[in-house]
Amino acid sequence: MSTGEFTGDRAARPRAVSRELTDILQNERCQVLASLTRLTGDLGLAEDAVQDASISALQTWPRTGIPPNPRAWLIVTARHRAIDVLRREGSRFAKEREAALMQLHEAPDDFSVGVLRDDQLRLIFTCCHPALAAEAQVALSLRVLCGLSVAEVARALLVPEATMAKRLTRARQKIAAAGIRYRVPDDVDLPDRMRVVATTVFLLFTEGYASRSAGAHERRSLAEEAVRLGRLLVQLLPGEAVLEGLLATMLLQHSRRDARFDSAGDIVLLADQDRARWDLALATEGVELAASAIRRSRNAPERFAVVAAISACHAIARTAEDTDWNAIVSWYDVLARLDPSPVVLLNRAAALAECGQVLEALAAVDALHGLDDYFWLHATRAELLRRLGRGTDAAVAAALARRLTDSPAQQRLLEHRHPGL
Amino acid sequence: MTSYVALIYTPDVDWSQPEYAEGMAEYQTFGEDAASVIRGGAALYHTPTATTVRVTGGKGGDVVLSDGPYAETKEALTGFYLLECTDLDEAIRVASMIPGAWNGAVEIRPALPMTVRVPSLETSDTVTQ
């Protein structure tokens, strides 16, 4: 765009340019950081160098215009910056510093698609290394892969900022000291490692839904960040059932985001949701991906593919009454074989009740162990007992559930179902 | 390359007893299989043989001894290896082959890359003579 064309709009233009600028920086950050981490072999140093390069871009580009290849500009600038830091830094072990400097000086400027793709994968697999605690993986992913500030990560995960800063520092130290190498796992390890990445991204996604009360805005965007990572993973490693299943699961759940709460912020259960408020585009994409994930793992179904299939059964039902609960129960049977956890069995029991087998469902719920402190166990029991006309028992179960939750939305849900609680 | 110490926590067995010969043989096999990365290590006598040493009041203070291991736990430190691996993934692969990993647990810890000055054996006349 040439200058001086829109003189009448002068006041708006600098803002527009700076908006475009920050968008570019935001979009390129993960890729630039990924390449820098390969070049420096040091995540912390790479983060600092990329941060400096971004500041430099914000100062330079408004004057010079946005360079034709902003990504290359940022990588080259950050690379020089890393060299400066390494030269000045005395605390590093001399041998490591020499190696890093040599790599920074001698590695060719390679911005080819293959190299950039591998760089991103290396960064993802490093942040989601199974030797890091799940909470550290989630925090690192948000900070490093999504580019959230420490304060934003802390707010999103409902942790004090100082605690989050410490958690991130510890994770980076472990990566450096314990020798978690910045690389794509070997073929033999790849399936397991992809499952770890998928689990972490899904954890991040569910964090976005865990609480509506505190920091609702951040938490909504948390789910969106997770979806973005899911899309990136499918793009980087196409044709993987676990990743397609992950993305499908997230898209399907996310397609119902506007229908999950009413205007008062109360939970609306799937059966009562206004399906016109479901995001049809997301749901359609999710159903297609779920089908693809199931096709790809037909002999040994991937957990995420099966979870997506269950979610897809709901998505294709035009009304709650149209839901094919028999299909859902059989998918839960498959899921229970892969993951016989009490939560899966509880969900299977709830589906069984929808098939009309309420007594069998209650027996299945009563046979579960290890969920005594789980809100949904008692809420489900209360609902089953209510349907069986056992009002007194239902009230006892509902009161138990009530005591187990701090969430106002969950409390109100119980009050709706069990008036007089 | 990174140096790792693999600390083996298992039931507190007395390796010197003949009934553990089979267990020792498993370690022998592991030692041969992982020879290229093992830089050292030992099986330890069981914890009743341990002595815990503390010095109170800083360097040169009173030496206080207690009979037994530092921490009384169900599973005890019963052996260790010093490993040299390219990265944590390789160290994890090696550690998962140590018999203690299925008889208990193996903790792998990276060792700081610094040279500990040890008097060389060649110049120490008490050893070479």
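The mean number of partner chain beta-carbon atoms within 10 angstrom of a residue's beta-carbon across peptide B:79-91 is 3. Using a Förster distance of 41 angstrom, determine the FRET efficiency expected from the C-beta separation of residue A:169 and residue A:316, and round it to 0.05. FRET efficiency, residue A:169 to residue A:316: 0.30. Spacing of the modelled spin labels on residue A:89 and residue A:336, each 7 Å from Cα toward Cβ, amounts to 5.3 nm. Using R0 = 35 Å, the C-beta based FRET efficiency linking residue B:1 and residue B:75 works out to 0.75.
For the protein assembly as shown, the Kirkwood estimate of the hydrodynamic radius, built from every pair of different alpha carbons, is 27.9 Å.
Taking Cβ atoms as reference points and 15 Å as the exclusive limit, the residues near residue B:73 contribute a net charge of -3, counting Lys and Arg as +1 and Asp and Glu as -1. When each of A:306, B:55 is scored by the number of other beta-carbon atoms lying within 10 Å, the sequence from fewest to most is B:55, A:306.
Once you list every other residue whose beta carbon is under 14 Å from the beta carbon of residue B:4, what net charge do they have if Lys and Arg are +1 and Asp and Glu are -1? Surrounding charge for residue B:4 is 0. For a paramagnetic label modelled on residue A:366 (point 7 Å from Cα along Cα→Cβ), amide N atoms under 16 Å away belong, within the range A:390-417, to A:390-398.
Using the Cβ-Cβ distance between residue A:131 and residue A:390 with R0 set to 41 Å, the FRET efficiency works out to roughly 0.25.
Here, each number is a calculation from the coordinates, and none is a lab measurement. Every value quoted in this text rests on a predicted model; they were computed, and no experiment measured them. Note: ideal-geometry Cβ built from the backbone for every residue, glycine included; neighbour counts use all protein chains shown.
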